[in-house]
Amino acid sequence: MPAQADGCRVEVRLDSQSLKAAADRPVNRMGRTYVVAMAPTQPKPPRESRTAMSTEAPEVSGEEWDAAPTEEEADTTTDSAAPQEKEGPLDPPRPHFILYMDGPEYAQNLRQLTLWTHHVLLPVYGREVTSNAPWCSRWWEHPEVVAQMHGLWLAWGELTGPGSGMCGPANWHRDYLIPVMGALRDPNGPFAACKPGAHRAMEKPPVDAVDPFGPPPPPPPGA
């Protein structure tokens, strides 16, 4: 350890044996007496004792023992923390396409489609009615038109609504608007039989049987 003696810096280096030999003995340095005292050291316990100390369980007070959960409470806690099994299979999500709907659900979706068509689609994209581009003022009475327009409306919400990408509107025009409107206003399309202010339903293609590959019908009674 460094020390100052009469203006000179004296550094004393002592090993452990020297410290033990000089313990509690006065040392005279330049007329001054120093006493080197050794702090008592605690003897290390034997290896067996240290192992026993580390493996002994800590004592638990009465209050801590009372606060510890019993086996029944532990089982209850484990059961409550476990995920509860849901009863029965989950119902599949309902489709968004209008042809899967009926009743009030169909009427509500058709009304929303009508409002979008009359306030957005036709004012912006509705071109003049000609013989080469027919249109029907009662378009909602054409099932094909309702289906195509509803798909166009769903794509509009997907590609132009909140969260859509920057290219969404351009993709909607290119991939959905132009093909759908071109098919609906084609001279041979669903409005081919309609005139301005006059709706006429088109005849459906005939079929020989509704379900030709189904089971044969039962014989008539009395046969």
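The values are calculated or read from the model by the stated rules, or taken from the named source; none is laboratory data. Just so it is clear, the structure is predicted and the values come from calculations on it, not from any experiment. Here the Cβ is made from the backbone with ideal geometry for all residues, glycine too, and neighbour counts use every protein chain on show.
Brief remarks follow.
- Of all residues in segment 111-129, those satisfying the criterion of being within 15 Å of residue 177 (Cα to Cα) and not in a helix (DSSP H, G or I) are 126, 127.
- Any hit, segment 63-74, residues being surrounded by 11 or more Cβ atoms within 10 Å (Cβ to Cβ), modelled with pLDDT under 55 and not in a helix (DSSP H, G or I): no
- The residues of segment 130-174 that are more than 18 Å from residue 120 (Cα to Cα) and part of a helix (DSSP H, G or I), listed by number, are 141, 143, 144.
- Total residues in segment 184-206, condition closer than 13 Å to residue 137 by Cβ and among the hydrophobic types (A, V, I, L, M, F, W, C): 3
- When the criteria are applied in full, residue 180 meets the requirement of being aliphatic (A, V, I, L, M), in contact with a helix residue (DSSP H, G or I) (Cβ under 7 Å, 6 or more places away or on another chain) and modelled with pLDDT of 95 or more.
- Breaking point among (1) at pLDDT 90 or above; (2) under 30 Å from residue 120 (Cβ atoms), for residue 201: (1)
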